[in-house]
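**Q** Got a structure for you, written out below as structure tokens; questions coming shortly.
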Amino acid sequence: MKKGILLVAAVFLLKSIFAQQNPNIVLIYADDLGYGDLSCYGATQIQTPNIDKLAKQGLRFTNAHATSATCTPSRFSLMTGTYAWRKKGTGIAPGNASLIIPVDKITLPAVLKRAGYQTAIIGKWHLGLGGPEGPDWNGEIKPGPREIGFDYSFILPATVDRVPCVYVENHYVAGLDPADPIQVSYKEKVGDWPTGKDHPELLKLKPSHGHDQTIINGISRIGYMTGGKNALWKDEDIADELASHSKQFIIQHQSRPFFLLLTTHDVHVPRTPHSRFAGQSSMGDRGDVILQLDATVGQVTRTLDSLGLSENTIVIFSSDNGPVVDDGYQDNAVEKLGKHRPSGNLRGGKYSAFEAGTRVPLIVRWPAAIAAGTVSDALFSQVDMLASFAALTKQSLAEDEATDSFDMLGALLGKSKKGRPYIVEQANALSVVKGHWKYIEPKSGAAKNNDVNIELGNAMQPQLYDLSNDIGEKNNLAVKKPSLVKELSALLETIRQSDNERKRN
């Protein structure tokens with residue numbers, strides 16, 4: 001009897017201790033993962049048990065959004081708490097772009113760093129590196145992650161389908177031999193390394209459109225590269241490398257609050273699953289790397305469990321934008337899709353102004369504070385992570401800091417069902433969602449990206465959809481409800497002209 005009482009008392013004591021200290025934060029940010037790609041979001045052709053377990057142990061959102069239907073602007077907004085469309089040069093960045101995040105502005109890692117956290121980013125970066133002339137791949141590469149608040153960084157500079165195909169650890173290319181300097185160009189061929197266009201016989205994964213320049217590891221990329229042979233990554237090992245570095249960071253910093261941003265390459269192209277996962281799904285390489293992504297999540301969560309850190313660690317899982325099936329390589333993703341619907345019951349996908357462009361999975365687990373197995377339909381945007389974490393760590397933001405980021409901590413932790421008053425979604429056209437109404441501004445351009453077979457949502461006329469009974473955005477009500485179109489159009493223009501959305505609200 002006494003042992004039972006002591007055990008209960010110990011549990012309450014631990015809960016009290018956890019409540020008094022800042023929780024660890026692990027944010028796992030997948031790439032091109034769709035709203036319908038996980039079994040906890042309704043997928044039946046593939047099972048994602050580790051991610052499903054997070055949902056069972058925590059909070060699953062049904063109406064959460066990246067800010068953009070493409071990766072660089074979504075990542076910019078996540079980091080800065082401001083919409084990327086407000087700043088020129090925040091579109092999809094080439095592999096040798098300069099750093100696009102101002103080093104004199106507050107960022108998500110900087111907020112947590114000033115609250116005493118050890119901070120790290122491990123994985124895809126794609127926000128540019130270096131000063132106005134771009135990165136010096138053979139020297140010190142700065143500014144970069146460390147200059148915006150990360151104590152440690154082990155990154156893929158851009159995307160895996162872009163050169164240079166090397167890791168950058170802190171300020172230097174990892175494993176670079178100075179006697180074999182790297183050259184990179186996105187304008188003209190450098191060196192004598194073969195290209196996919198000229199030597200398709202050397203390819204183990206052939207392009208379907210574009211992606212036919214320098215060949216590295218049997219895969220042709222976007223851009224030209226030569227040199228740095230000792231530093232080149234092996235595509236099949238990337239997931240394991242990122243997981244290994246993530247686990248190492250957690251182990252090294254377990255004694256004090258830490259923030260880990262793990263930005264996976266999966267499920268972006270080129271999809272090259274490790275041999276442990278190759279052929280393990282029924283959906284070709286894309287299905288296999290979804291399994292690989294799920295396993296990465298499992299490696300991280302098991303590390304937290306083994307160290308006794310899970311109770312007071314917030315684990316967040318999400319994606320940078322919606323899904324795309326054929327994004328440039330012949331990997332049988334289309335042919336083996338079967339009944340699987342990466343966008344679920346949503347319309348569009350990556351690049352699109354329709355819902356599947358930005359509505360993404362969002363799962364939050366914090367056993368010390370979040371009830372297990374809960375579901376939230378609160379409207380949430382990733383741009384609010386910065387202000388929400390500032391609130392979590394009891395920090396006030398200056399008036400000119402993270403001006404589009406709202407404190408949505410209550411919704412993020414499941415304490416409130418009240419979501420954002422509205423969100424802005426970025427594709428070629430901007431959209432605004434308020435309540436259950438969605439307005440897409442008129443925009444010229446192609447209606448469909450034929451390369452990837454995705455509707456872009458561009459139209460010369462305004463579009464208005466009632467998401468409460470038309471989640472697939474099939475019935476444009478703009479003509480029937482002109483007053484609502486006028487109201488939402490005016491709201492979007494007000495947001496566009498605003499220099500401080502948080503203050504305005």
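**Q** Want the number for residue 474 to residue 209: 0.36 nm per residue separation, take away the alpha-carbon distance, what's left?
**A** 92.5 nm
**Q** Also, quick follow-up: Can you tell me what share of the DSSP beta bridges in the chain is antiparallel? A percent to the nearest 5 is fine.
**A** Taking every DSSP beta bridge within the chain, about 55 percent pair in antiparallel fashion.
**Q** Lys and Arg at +1, Asp and Glu at -1: add these up for the other residues within a Cβ distance under 14 Å of residue 217 and post the number.
**A** It works out to a net charge of +2.
**Q** Separate question: Quickly work out the residue 302-to-residue 483 label distance, labels modelled 7 Å from Cα along the C-beta direction, and quote it in nm with one decimal.
**A** Placing both labels 7 Å beyond Cα along the Cβ direction yields 6.0 nm.
**Q** While we're here: For the chain, which longest stretch is free of loop sites, where a loop site is one of the GluC sites (Glu not before Pro) that DSSP puts outside H, G, I, E and B and that has at most 13 other Cβ atoms within 10 Å?
**A** The segment 189-334 is the longest one with no such site.
**Q** Take residue 188 and residue 147, extend 7 Å from each Cα along the Cα→Cβ direction, and tell me the distance between the two endpoints in nm.
**A** Spacing of the two 7 Å Cα→Cβ label points: 2.8 nm.
**Q** Right, another one. What list of whole percents do you get for P(r) of region 110-217, with Cα-Cα distances grouped in 10 Å bins up to the one holding the largest distance?
**A** P(r) over region 110-217, rounded to whole percents: 13, 39, 30, 13, 4, 0.
**Q** Using 0.36 nm per residue of separation minus the Cα-Cα distance, give me the extension gain between residue 345 and residue 62 in nm, one decimal.
**A** Gain in length upon complete extension: 100.7 nm.
**Q** Near residue 206, which lysines are there with a Cα under 28 Å away, not counting those fewer than 8 places off in the same chain?
**A** Excluding near neighbours in sequence, the set is 124, 187, 189, 197, 229, 234, 336, 339, 350, 448.
**Q** Filter the trypsin sites (Lys or Arg not before Pro) in region 419-501 to those in DSSP coil with at most 13 other Cβ atoms within 10 Å of their Cβ, and list the result.
**A** 474, 480
**Q** Pop the C-beta distance of residue 500 and residue 133 into the FRET formula with R0 = 30 Å and round what comes out to the nearest 0.05.
**A** It comes to 0.35.
**Q** Any chance you could run the full-extension gain for residue 105 through residue 377? It's 0.36 nm times the residue separation minus the Cα-Cα distance, nm to one decimal.
**A** Length gained, residue 105 through residue 377: 94.7 nm.
**Q** If you don't mind, there's one more thing I want to ask. For residue 125, which sequence-distant residues (separation of 5 or more, or a different chain) have an amide H within less than 5 Å of its own amide H, given hydrogens modelled in the peptide plane?
**A** Those qualifying (amide H under 5 Å, at least 5 residues apart or on another chain) are 156, 158.
**Q** Could you tell me the calculated FRET efficiency between residue 282 and residue 202, based on Cβ-Cβ distance and R0 = 30 angstrom, to the nearest 0.05?
**A** Approximately 0.50, to the nearest 0.05.
**Q** Give the share of C-alpha pairs in each 20 angstrom bin for the chain, from 0 to the last occupied bin, in whole percents, shortest bins first.
**A** Distribution as computed: 23, 58, 18, 1 percent.
Throughout, read-outs are computed from the coordinates displayed, never taken from laboratory work. Since this is a predicted model, take the numbers as computed values, not measurements. Ideal geometry is used to build each Cβ from the backbone, glycine not excepted, and the neighbour counts take in all protein chains shown.
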